[in-house]
Each structure stands twice: as structure tokens, then as C-alpha cells.
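Down below is the structure, laid out as C-alpha cells.
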Amino acid sequence: MKRSRPQALPGVTYEMHTNCGKIYVTVTTDHAGRPFETFLRFGKAGHCGAAIFDAMTKILSYALRSGMDPQEAVKALAGIGCSYGKNTCMNAVSEAMGEVLEDVAISSEPATPT
């Protein structure tokens, strides 16, 4: 079941430098620090793929809000490619989103007792 979105959430935005230019990836977190939703923006507006990537982040946010393990999302984003080769925006976006989501998910995990 999808959790409702509070009026305000903490989040972090990463600036990623890719072959498509700058990509800004934002991940908000819930009260426990777990990834809650994602946003992605290109440094320059008007990119044709922006609508596709906006849809991808909305679906990913819905999955996270419905209880999807962030690590499973990272696995799902791994290896996404395009027929035009590795140096495409599709690859850059999936890699950037995966890196940021993994970083945020790892930082939200409870510390392991030593």
C-alpha cells in the first residue's frame, strides 16, 4: 500500500556530471531515513528524454512509497542500456539514479554492532 506523502520531507540532491551534461538527482527520505521518493532533472531544460526520465522517477517513487527495498531498485536500474551504446543519456540517468539511491539507502541503514 502506498504511503501518503507528508507536506515536507528531508532530502538530498546530488549533482552528477555525465556525458549528457549535469544531472541533478534528488532523493527524499522518510522519518526513519529510508528513501521515499526520487526526482531527476537535467542541467538544461527541454531535453527530449526528460519526460521519460520524469516518468521513471515517478514510478520509482511510487515503488519506494509502497515498500520496495531501495537495494532492489538499485538492482533494477543496473545495466539499463540503449541501442546507441553505453555513452547515452539512458545509461547516464540509470547509473546516476542507481548511485545516488544506493548511497542514500546505505546511509540510512542502522549501524552494525561491533
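Bear in mind these aren't lab numbers, they're just calculated from the coordinates by the rules spelled out. If you're wondering where the values come from, they're calculated on a predicted model, not measured in any experiment. We place every Cβ from the backbone using ideal geometry, glycine too, and count neighbours over all the protein chains shown.
Return yes or no: is Met1 loosely packed, with under 14 Cβ neighbours inside 10 Å, among the hydrophobic types (A, V, I, L, M, F, W, C) and either touching a Cys at 6+ places or on another chain (Cβ under 7 Å) or touching a residue at least 60 places away in the same chain (Cβ under 8 Å) (or both)? Against the criterion (loosely packed, with under 14 Cβ neighbours inside 10 Å, among the hydrophobic types (A, V, I, L, M, F, W, C) and either touching a Cys at 6+ places or on another chain (Cβ under 7 Å) or touching a residue at least 60 places away in the same chain (Cβ under 8 Å) (or both)), Met1 qualifies. Criterion first (among the hydroxyl-bearing types (Ser, Thr, Tyr), free of Cβ contacts under 8 Å to residues at least 24 places away in the same chain and in contact with a strand residue (DSSP E or B) (Cβ under 8 Å, 6 or more places away or on another chain)) does Thr57 satisfy it? In short, no.
Conditions (1) closer than 24 Å to Ser107 by Cβ; (2) free of Cβ contacts under 8 Å to residues at least 40 places away in the same chain; (3) in a strand (DSSP E or B), marked per residue:
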position	(1), (2), (3)
Val12	yes, no, yes
Met16	yes, no, yes
Glu37	yes, yes, yes
Phe53	yes, no, no
Tyr62	yes, no, no
Ala76	yes, yes, no
Lys86	no, yes, no
Met90	no, no, no
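Of all residues in the stretch 19-33, those satisfying the criterion of being in contact with a helix residue (DSSP H, G or I) (Cβ under 7 Å, 6 or more places away or on another chain) and surrounded by 17 or more Cβ atoms within 10 Å (Cβ to Cβ) are Cys20, Ile23, Val25, Val27, Thr29. Take Val104 and tell me if it is in a helix (DSSP H, G or I) and of a type in the set (Val, Ile, Thr). Yes, satisfied.
Note on the stretch 55-114: residues that are more than 21 Å from Asn19 (Cα to Cα), of a type in the set (Val, Ile, Thr) and surrounded by fewer than 19 Cβ atoms within 10 Å (Cβ to Cβ) total 4.
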